[in-house]
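Structure first, commentary second.
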Ligand code: AMP
Ligand code: GLY
């Protein structure tokens, strides 16, 4: 396919990253983004839309979409890929029945049991359960409690405080009917993005997110404060175990569905002291900010990769990746994640845009809007991220931080230790 029209659904840093890599493809003629942000507006046409499936399909039809790329999980869980299939529009992102892997943690656990994929032991607790006995059964390590809902990262509590665990369990049972109590997995986390369709899969270079708000992995959980790629914790030996124990069985399971999985499977991993991988979670979309560091390392034409997955063409595609490293550092608004203060001007961004280039050092926009006078203002919790790509990880980290130091946002905060685990 040449002269393609692509629609990217979403409006965060991940979607800006998708637009940047699609814009670099000679096969793409025009990019549209729903709703997009001030960054996507620089290279795509943004469409304001109520985000219902009907309204989205209307946009796809009006622009003549050859490919729809879905950034966030919610529209997939609501059936956007099913609707695209009915309308004969290739869609990167799985149908609702398979997106349920992210939509329900219990479903994900049961799937892993059936497929023989290593993950933490768990118990399902409801009104009839003996919560104290369950807490006893998982004592000796922090308790991990997970609600079975799409909670935007707020559905999981990991705590050494028994009372906190018990009250989260009780509140979750009250609101949802049941909850999962899971064994704590010790080790180091990493993210693996696997692009797949009914014919093949391609694993992208593994990355590592930094979920806590502050340096040293302290403070509250966030959507992700920065990432780097590739992550050395995934050595070649670990990679092989992940393929054999997790990716192959999941691909077989997902390809057996009436409509195969067409999109990216995000595998949240814990690598233990014996270098054995366990699945912490599955997501049915690119990670944010993992996407920002992973796609720039893909040498293969990204449109061909995404279009291939959407049309069961991956068997005919070979994946090539760059040998370097990438780092992205997130700038968050004051008060993020609890209560971000929005609406403040971002200084230095105009100038930074004139001195940067995608593939070397650049800014991924997330919660950024333009004000009436044409300036940039912070309109979200995670505002933007400064990203760099280079041969050497330490140099690349420095480049990303020097780009960040040219920007000013009152009360804005970022971590100063992104990629620290790779520097040990
Ligand atoms: P999830 O939403 O399932 O990804 O969980 C959010 C975060 O909680 C993960 O990124 C981990 O840092 C932590 N976590 C979840 N499950 C476990 C577990 N079984 N053992 C240790 N940490 C966990
Ligand atoms: N960075 C983690 C996520 O996208 O879920």
- Task: Please go through the stretch 273-293 and pick out each residue that is more than 15 Å from residue 117 (Cβ to Cβ) and either more than 14 Å from the chain's Cα centre (by Cα) or more than 16 Å from ligand 2 (Cβ to nearest atom) (or both).
- Result: 273, 274, 275
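Residue-wise test of (1) outside any helix (DSSP H, G or I); (2) modelled with pLDDT under 95; (3) exposed (fewer than 15 other Cβ atoms within 10 Å of the Cβ); (4) more than 25 Å from the chain's Cα centre (by Cα).
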site: 111; (1), (2), (3), (4): no, no, no, no
site: 125; (1), (2), (3), (4): yes, no, no, yes
site: 149; (1), (2), (3), (4): yes, yes, no, no
site: 169; (1), (2), (3), (4): no, no, no, yes
site: 198; (1), (2), (3), (4): yes, no, no, no
- Message: Quick check on my filter: what residues within the stretch 400-424 are within 19 Å of residue 16 (Cβ to Cβ) and either free of Cβ contacts under 8 Å to residues at least 40 places away in the same chain or assigned to a loop (DSSP other than H, G, I, E, B) (or both)?
- Response: 406, 407, 412, 414, 418
- Do we find a residue being closer than 16 Å to residue 247 by Cβ, within 16 Å of ligand 1 (Cβ to nearest atom) and either touching a strand residue (DSSP E or B) at 6+ places or on another chain (Cβ under 8 Å) or assigned to a helix (DSSP H, G or I) (or both) anywhere in the stretch 178-188? no
- Query: Mind checking whether some residue in the stretch 343-355 is part of a loop (DSSP other than H, G, I, E, B) and at pLDDT below 95?
  - Reply: yes
- List pairs: first in the stretch 181-192 and in contact (Cβ under 8 Å) with a residue 24 or more places away in the chain and on the phi < 0 side of the Ramachandran plot, second near ligand 1 (Cβ under 6 Å from one of its atoms) and in a loop (DSSP other than H, G, I, E, B), Cβ under 7 Å, 6+ apart or cross-chain? 182/120; 183/120; 185/120
- What is the residue count in the stretch 349-388 for residues that are more than 26 Å from residue 337 (Cβ to Cβ) and surrounded by 23 or more Cβ atoms within 10 Å (Cβ to Cβ)? 0
- Query: How do the pairs read when you match residues in the stretch 125-146 that are within 13 Å of residue 179 (Cα to Cα) with residues anywhere that are part of a loop (DSSP other than H, G, I, E, B) and within 16 Å of ligand 2 (Cβ to nearest atom), using Cβ under 8 Å and keeping only pairs 6 or more apart or on different chains?
  - Reply: 146/155
- Picking from 145, 156, the residue that is within 16 Å of ligand 2 (Cβ to nearest atom) and over 23 Å from residue 389 (Cα atoms) would be 156
- Message: Step by step: first the residues of the stretch 39-65, then only those that are more than 26 Å from residue 24 (Cβ to Cβ) and touching a residue at least 24 places away in the same chain (Cβ under 8 Å), then the one that is surrounded by the fewest Cβ atoms within 10 Å (Cβ to Cβ). Which residue is that?
- Response: 61
- Item | The lone exception for residue 191 - which of (1) within 21 Å of the chain's Cα centre (by Cα); (2) away from ligand 2 (no atom under 16 Å from the Cβ) it fails | (2)
- Message: So in the stretch 294-312, with the set limited to residues that are closer than 15 Å to residue 205 by Cα and in contact (Cβ under 8 Å) with a residue 60 or more places away in the chain, which one is nearest to ligand 2 (Cβ to nearest atom)?
- Response: 294
- Hey, any hits in the stretch 370-389 for a residue that's more than 23 Å from residue 33 (Cα to Cα) and either assigned to a helix (DSSP H, G or I) or at pLDDT 95 or above (or both)? yes
- Task: Residue by residue through the stretch 208-227, note down the ones that are assigned to a strand (DSSP E or B) and either more than 13 Å from the chain's Cα centre (by Cα) or within 13 Å of ligand 1 (Cβ to nearest atom) (or both).
- Result: 208, 209, 212, 213, 214, 218, 219, 220, 221, 227
- Note on the structure: For residue 105, the lone unmet condition from (1) touching a residue at least 60 places away in the same chain (Cβ under 8 Å); (2) more than 26 Å from residue 28 (Cβ to Cβ); (3) out of contact with any helix residue (DSSP H, G or I) (no Cβ under 9 Å at 6 or more places or on another chain); (4) surrounded by fewer than 21 Cβ atoms within 10 Å (Cβ to Cβ) is (4)
- Of the criteria (1) touching a strand residue (DSSP E or B) at 6+ places or on another chain (Cβ under 8 Å); (2) surrounded by 14 or more Cβ atoms within 10 Å (Cβ to Cβ); (3) on the phi < 0 side of the Ramachandran plot, which one residue 419 fails: (3)
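The values are calculated or read from the model by the stated rules, or taken from the named source; none is laboratory data. The shown structure was predicted, so the numbers you read here are calculated from the model rather than taken from an experiment. Virtual Cβ from ideal backbone geometry, glycine too; neighbours counted across all protein chains shown.
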